[in-house]
Amino acid sequence: MDVRGFCPDRFHCVREAFEANFANGMELGARFALAIEGEIVVDLMGGWADRDRTLPFAENTLTAVFSTTKAMAALMIARLADGGALSYDQPFATLWPEFAAAGKGAITVGEALSHQAGLAGLVEPMAPSAWFDETLIAERLAAMDPLWPLG
């Protein structure tokens, strides 16, 4: 949908949508920035940096980037598949044996990449500092049960 037909000032609409997420209780804290040809034209932040709502979200608030790496990861995996280093049909556990725990041994690379494996996120709460512990995250992901059946 082209937002220009509904909002003459697109940047104002971005601000309205951003603020609506807080008003509707859909965000705790967030930042959104948009650069056009290297110039920041939108830079919004709001809400809280902690669940207890004691620290305002600020310029130095660390945040998880979640899905922003998906495009680059998919591109790199596509290059490996194109070069024959892996196949989308091979079990993911052939690349990462610990991943086979909790009945995940048959999940393929393609199923993992297309969010069919039931592994959308870690269920148990974690301290913010734990998100920077790559080993801990890998161990928890490998050990977890899928959140839904394959497919």
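Between the C-alpha center of the range 22-44 and that of the range 110-151 there is a gap of 26 Å. By accessible area, using a 1.4 Å probe on protein heavy atoms only, the chain has 58% of its surface on carbon and sulfur.
Here the convex hull built on the C-alpha positions of the chain has a volume of 181 cubic angstrom per residue. Counting only C-alpha contacts under 8 Å and six or more residues apart, can you give the relative contact order of the chain as a whole percent? About 13 percent, as a whole number. What's log10 of I(q)/I(0) for the range 99-151 at q = 0.18, 0.19, 0.22 Å⁻¹, Debye sum over Cα points only, no solvent? Ignoring solvent entirely, the Cα scatterers give -0.59, -0.65, -0.83. Given R0 = 30 Å, the distance between the Cβ atoms of F132 and M26 translates into a calculated FRET efficiency of 0.70.
Under a model in which nothing but the beta-carbon of Lys, Arg (+1) and Asp, Glu (-1) is charged, the chain shows a dipole of about 180 debye around its Cα centre.
Close amide H pairs (under 5 Å, H built 1.01 Å from N) link T108 with F92, residues at least 5 positions away or on another chain.
With the helix formula -39500 (n - 2.57) applied to DSSP H stretches of n ≥ 4, the chain reaches a computed 222 nm mean residue ellipticity of -8500 deg cm²/dmol. The 3J(HN,Hα) values that the Karplus relation (6.51, -1.76, 1.60; θ = phi - 60°) gives for the range 136-145 are, in residue order, 4, 4, 4, 4, 5, 5, 5, 7, 6, 7 Hz. Gly and Pro appear as x. Pair-distance distribution of the range 22-63: all C-alpha pairs, bin width 5 Å, starting at 0; shares per bin in whole percent are 6, 22, 26, 20, 13, 8, 4, 1.
The values are calculated or read from the model by the stated rules, or taken from the named source; none is laboratory data. Treat the numbers as computed from the prediction; the structure is a model and nothing was measured. Using ideal geometry, Cβ is built from the backbone for each residue, glycine included, and neighbour counts are taken over all protein chains shown. Only protein heavy atoms, including side chains, enter the accessible area calculation; ligands, DNA and RNA are left aside. Shrake-Rupley method; radii C 1.70, N 1.55, O 1.52, S 1.80 Å.
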